[in-house]
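Visitor: My questions will all concern the structure given below.
The values are calculated or read from the model by the stated rules, or taken from the named source; none is laboratory data. Owing to the predicted nature of the structure, the values given are computational and were not obtained by experimental measurement. Quick reminder, even Gly has a Cβ in these numbers, built from the backbone with ideal geometry, and neighbours come from all protein chains shown. Only protein heavy atoms, including side chains, enter the accessible area calculation; ligands, DNA and RNA are left aside. Shrake-Rupley method; radii C 1.70, N 1.55, O 1.52, S 1.80 Å.
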Amino acid sequence: VVPVILKALTYDEKRGACSVGSNVRDAACYVCWAFARAYDPAELIPFINQISSALVIAAVFDRDVNCRRAASAAFQENVGRQGTFPHGIDILTAADYFAVGNRVNCYLTISVYIAGFPEYTQPMIDHLVNMKINHWDSVIRELSTKALHNLTPRAPEYMANVVLPRLLPLSVGTDLHTRHGAILACAEITHALCKLAEENNRSITYYFNEKSLEGLKQIHQEVCSNYQIYFLTVCTLIEKLSLSKMPFKGDPIIGGWQWLINDSLRSLPLVSSGARQHIKESAVSALAALCNEYYISEEGEADPALQDELVTQYVSELQNAEEMIRCGFSRALGALPRFLLKGRLQQVLEGLKKVTLISPADVSFAESRRDALIAVAKVCQTIGVKGEGCQEEYVCKDNVTQIYATLLSGVTDYTTDSRGDVGGWVREAAMTSLMEVTLLLVQNEAELINANICKQIMCWLAQQSAEKIDKFRAHAGFVFLTLLHFDQPPVPHIPHREELERIFPRSEKETLNWNAASEAFPRITQLLGLPTYQYYVLLGLSVSVGGLTETTLRYSAQSLFDYMKKIQNDAGTMESFCETLLKVFEDNLRNDRVSVPLLTMLDQMLANSCFDIFTMQENHPFSVKLFTLCKEEIKRSKDIRKLRSSIGVFCGLIQFQGDMREKVLFQLFLLLCHPFPVIRKTTASQVYEMLITYSDVVDPAIMDEVMTILSDTNW
């Protein structure tokens, strides 16, 4: 029975899109559990090593959690009843029922501990090589290769002399799953062996003979004939071999690796959207490792010809007609080491700046703009800061304004397409990059940050912190508080620092939940009392208060109305607030993203008597200007939502005294004659309610007739 059970413990067969082996493996674990109860220890002695190794392997490396737990339970039963499993108690403590629930933890942590016991080391490695690197599930293949990396220090000689020679032929074989797993395994084991050699002050090639080195080169040459399947795999191989410092400097293989990395970046549009991000990150990591190991001279400089060719080629690809190619090469430029950027900084920054600009041809290229902004920050962090330095070699006084202008342009990206608010990706990247560059400057040359730049950063962040999408509001809030409370040293020139620290105490930096509208808006509306931030916070609030999300709308509106109540009797503050409000409207006239929700917000503010202090004054400038802007906004408009919001504003303006009432009534009469039936009907309904509220608007002698016309007409 034992040989059959050992086979059943690893049985895994794919049929269609799923596996049919898990029930068999689970049943095999039950049989092993039954062995412990059915036989005396002496009867199982000949099979102890086989059964214990098989159960450990199942408990740690099985794909399904129920099988791992079943194997752990069977192991526990045998340890308790038989007491003959090697190191049973120690293993059971590390791989109990709950510990084996996390697959990644099993493969990368528990396996290393168990492999420390010599009885289990080789069986575990052999199982991964024979059964797991060719598994039908790609996640298992990748986890197995990482496990082999971690297990290499437990048996380096065995890995170098037995496992690696066995893997090299598999890495150029015909079976796709085996090939994928073998290439990754070669990469991981090679990297682990080289790290081990370095730690022990041995030559990098201590564990490799000439045949092994040639075999590793051969992988690249064979793969190039079918490289589209292996972008991710081969880039990982290149990265690991580069990090391993393999002795390939000056070898033609390096040119082949560079070509493969470049081609994987150019071919991003050809792969599925789900794989793009992984391939892009893998290629960029491989490029960074390759450059750092094989392109630097002993003096720490780059070969001028190679530098010119590489940087010029990458910058030219930034204007490619394919968005994904722009993304790939933007991130690649961000990953280049300092010695390749030195002397070419302006060329790189100008190239990335062009990617961030929006033109009619590439308005939907939000992902490339995002990646370019991320790359700008990475380049700045790599190249370093020197205030009086050369602009081709450092972030300095001559280029810092240009860098900030590029990053700040991303905060205003509100592009939308069929995917939704894709500009949000750009804004998020811009905020992160602004934070990284600012903290970099603060820690090195804080005087490069002038007051105007700091004001722009904090104001834009305040606006984003008041907007409607939870994710972006939370990110803006995090960046805002990070800059405010950074103290190594503090960020200079932050406007109203003392007031901000009172509104956002340092003790609440980590606990304030910006995702929750109920927590965020009561705080952010307090910034309306700070002149520097008032315009930007109002701009953000208008989108939230006039938005469609019920929770955001409720808490943002309530917070705004609470603030208005506090300043209601302060004429000077009210005048200043209303001027800012009109400025926001004027600056965003016909910008539907802002103007439509702004009209909705104004409707609510008028309905909540927020401007009562001005209503008794004849022809107050606020009402006159607001009426003019509303009238201009809806001129020749066919947007139903905009027109309906404007009706509420016009009806609210009736509360102001003077000539305003005549103008408002005339505008409402025009809307009663609008070509759209829904607008005529809405106008009639709201005018009816308005006349009930403000009965002094119409002569009492004709009031009944007016109300009858409004209510009985089939508008």
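Visitor: Work out the length of the dipole vector of the chain about its Cα centre, built from +1 on the beta-carbon of each Lys and Arg and -1 on the beta-carbon of each Asp and Glu, and round it to the nearest 20 debye. Walk me through the numbers on the way to the answer.
Guide: On the way: 67 positive and 82 negative charges, 230 e Å.
It works out to roughly 1100 debye.
Visitor: So, one more: Of LYS240/LYS378; LYS471/LYS631; LYS471/LYS642; LYS354/LYS509; LYS240/LYS509, which sit over 30 Å apart, Cα to Cα? Please list the in-between numbers first.
Guide: Values: LYS240/LYS378 22 Å; LYS471/LYS631 35 Å; LYS471/LYS642 27 Å; LYS354/LYS509 36 Å; LYS240/LYS509 39 Å.
Too far apart for the 30 Å limit: LYS471/LYS631; LYS354/LYS509; LYS240/LYS509.
Visitor: While we're on this one: Whole-Hz ³J(HN,Hα) for each residue in the stretch 49-64, computed from phi via Karplus 6.51 cos²θ - 1.76 cosθ + 1.60 with θ = phi - 60°, x for glycine and proline: what do you get?
Guide: Each residue's phi maps through the Karplus curve to give 4, 5, 5, 5, 5, 5, 5, 4, 4, 5, 5, 9, 10, 5, 5, 9 Hz.
Visitor: Same structure again: I need the phi-derived Karplus couplings for the stretch 119-124: 6.51 cos²θ - 1.76 cosθ + 1.60, θ = phi - 60°, integer Hz, Gly and Pro marked x.
Guide: For the stretch 119-124, the Karplus-derived couplings read 4, 10, 4, 5, x, 5 Hz, x marking Gly and Pro.
Visitor: Name the aspartates and glutamates eligible as straight-distance cross-link partners of LYS681: C-alpha to C-alpha under 13 Å, and not fewer than 8 places from it in the same chain.
Guide: GLU689, ASP712
Visitor: Next up: In degrees between 0 and 90, to the nearest 10, how far off the longest principal axis of the chain does helix 470-485 point, with axes built from Cα atoms?
Guide: That works out to roughly 90 degrees.
Visitor: Give the carbon-plus-sulfur fraction of the accessible surface of the chain in %, rounded to a whole number; probe 1.4 Å, heavy atoms of protein chains only.
Guide: Numbers: 15890 of 30520 Å².
Looking at the chain in its full context, I get 52 percent from C and S.
Visitor: Viscosity 1.306 mPa s, temperature 10 °C: give me the Stokes-Einstein translational D for the stretch 577-715 in µm²/s, with Rh taken as the Kirkwood radius over C-alpha pairs.
Guide: Details: Rh = 15.3 Å.
It diffuses with D of about 104 µm²/s by this estimate.
Visitor: Suppose all protein chains stay in the model; what accessible area per residue would a 1.4 Å probe give for the chain, in Å²? Working shown, then result.
Guide: Values: 30520 Å² over 715 residues.
Result: 43 Å² per residue.
Visitor: Which value, in debye to the nearest 20, gives the size of the charge dipole of the stretch 609-712 about its Cα centre, when Lys and Arg are +1 and Asp and Glu are -1 at the Cβ? Write down the numbers at each step before the final one.
Guide: Working: 12 positive and 13 negative charges, 159 e Å.
For the stretch 609-712, the charge dipole is close to 760 debye.
Visitor: Let me ask something else about it. In whole Å, what is the distance between the alpha-carbon centres of the stretch 481-523 and the stretch 162-176?
Guide: 56 Å
Visitor: Where the only charges are on Cβ atoms (+1 Lys, Arg; -1 Asp, Glu), what is the dipole of the stretch 384-447 about its Cα centre, to the nearest 20 debye? Don't skip to the end; give the middle numbers.
Guide: On the way: 4 positive and 11 negative charges, 33 e Å.
About 160 debye.
Visitor: Let me ask you something else. Any chance you could give the angle, 0 to 90 degrees and rounded to 10, that helix 400-410 forms with the longest Cα principal axis of the chain?
Guide: With both axes taken from Cα atoms, the answer is about 80 degrees.
Visitor: For the chain, what size does the Cα cloud have along each of its three principal axes, sorted from largest down, in whole Å?
Guide: 111, 69, 48
Visitor: Would you mind checking the stretch 462-497 for residues with the amide N under 17 Å from a putative spin-label position 7 Å along Cα→C-beta of SER518?
Guide: 470
Visitor: Using +1 at the C-beta of Lys and Arg and -1 at the C-beta of Asp and Glu, which of LEU560, ILE524, GLN488 has the Cα lying farthest in the positive direction of the dipole of the stretch 450-568?
Guide: Result: LEU560, furthest along the dipole toward the positive end.
Visitor: When the Cα centres of the stretch 530-570 and the stretch 365-432 are compared, how far apart do they sit, in Å?
Guide: The stretch 530-570 and the stretch 365-432 have Cα centres separated by 30 Å.
Visitor: Also: Measuring from centroid to centroid over Cα atoms, what is the spacing of the stretch 54-102 and the stretch 322-358 in Å?
Guide: A separation of 51 Å, based on Cα centres.
Visitor: Enumerate the amide H contacts of GLY384 below 5 Å, restricted to partners 5 or more residues apart or on another chain; note that Pro and chain-start residues carry no placed amide H.
Guide: Distant-sequence amide H within range of GLY384: VAL395.
Visitor: Taking the Cα atoms only, what angle lies between the long axis of helix 323-335 and the longest principal axis of the chain, rounded to 10 degrees?
Guide: That works out to roughly 70 degrees.
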